[in-house]
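These notes concern the structure reproduced below.
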Amino acid sequence: MVDLSDKPTIIGEKVISRPFQSSDLPYIEEYLNDPEVIKLTGSTPDIDKEIMNQWYSTRNEQKNRLDLAIVDKHINIVVGEVVVNEYEEQHQSMNFRILIGPRGRNRGLGTEATQLFIDYVFQHTNLKQLTLSVFDFNPRAKRVYEKTGFVLESIDQNELEWEGEWIDSLNMVLKRIDWVEGQV
Ligand SMILES: CC(C)(COP(=O)(O)OP(=O)(O)OC[C@H]1O[C@@H](n2cnc3c(N)ncnc32)[C@H](O)[C@@H]1OP(=O)(O)O)[C@@H](O)C(=O)NCCC(=O)NCCS
């Protein structure tokens, strides 16, 4: 069992990660439709607005996962999101994911948001590990995950076809015993 019903506000130097609000929706729609986000997360374009609204308006009720909006403190706008989901009892493990739209990328926000979020999750649960998957054509994300302690565990070959090429998916893990709080 994992209880993530508390939805915290996590304050860093560059970012605040906090529960979603209805006023975030236009900014969420913007980053979900960003071509780079679509490519690097393997998601689909032209998201149905009603489904999207329904999804984000119910994130704060979820007890077995944590979804937070990432706010760029400088502009006070939501630029992305950070999530743990898919609790797996056997390994006391959850899946981590993050995405940041064009307004927020390449300024250290993703690194800070990742570190503070994993610190929070390990401090407030008994989870033994966090896992994630990243496409092999995403060196920036790989760099952020390595900096925050994730290590390669396995590779799923040819997971995504992108412009005629097959892309591998890398499975990474951060075990509690290897987690270093606030290391970046
Ligand atoms: C991945 C993501 C969360 C990273 O957040 P970010 O705020 O852009 O990243 P940061 O600025 O904190 O850090 C990026 C790091 O990668 C490095 N980097 C950037 N481009 C790189 C590249 N092409 N190759 C290798 N390293 C790269 C940067 O130098 C920096 O490392 P450093 O601090 O050691 O110099 C964000 O870019 C994003 O969400 N992108 C789109 C969607 C996505 O890829 N999501 C993840 C799916 S698994």
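Read the figures in this text as sums done on the coordinates, not as results from a lab. Computed from a predicted model, the values in this text were never measured in an experiment. Don't worry about glycine lacking a Cβ; one is built from the backbone with ideal geometry, like all the others, and counts go over all protein chains shown.
What is the spin-label model distance, in nm, from residue 53 to residue 73 if the labels are put 7 Å beyond Cα along the C-beta direction?
3.4
What 222 nm value per residue comes from the helices of the chain, counting each DSSP H run with n ≥ 4 as -39,500 (n - 2.57) and dividing by all residues, nearest 500 deg cm²/dmol?
Rounded to the nearest 500, it is -8000 deg cm²/dmol.
For residue 153, what residues show an amide H to amide H distance below 5 Å, using hydrogens built from the backbone and excluding near sequence neighbours?
171, 172, 173
Using 0.36 nm per residue of separation minus the Cα-Cα distance, give me the extension gain between residue 155 and residue 168 in nm, one decimal.
So the extension gain works out to 4.0 nm.
In Å and from the alpha-carbon atoms only, list the Rg and Dmax of the range 10-178.
15.6, 43
Apply the Karplus parameterisation 6.51 cos²θ - 1.76 cosθ + 1.60, with θ equal to phi minus 60°, to every residue of the range 130-135 and state each ³J(HN,Hα) to the nearest whole Hz, in sequence, with x for glycine and proline.
For the range 130-135, the Karplus curve yields 10, 10, 7, 10, 9, 5 Hz.
Along the Cα-to-Cβ line of residue 180, 7 Å from the Cα, sits a label point; which residues in the range 104-124 have backbone N less than 18 Å from it?
So the set is 111-120, 122-123.
Pop out the ³J(HN,Hα) list for the range 69-86 in order, Karplus 6.51 cos²θ - 1.76 cosθ + 1.60 with θ = phi - 60°, rounded to Hz; leave Gly and Pro as x.
In residue order, the calculated couplings are 7, 9, 9, 6, 4, 5, 10, 6, 10, 6, 10, x, 8, 9, 9, 10, 8, 6 Hz.
For the chain, how many pairs of lysine residues have a Cα-Cα distance under 19 Å, where the two are 8 or more positions apart or belong to different chains?
So the count of such lysine pairs works out to 9.
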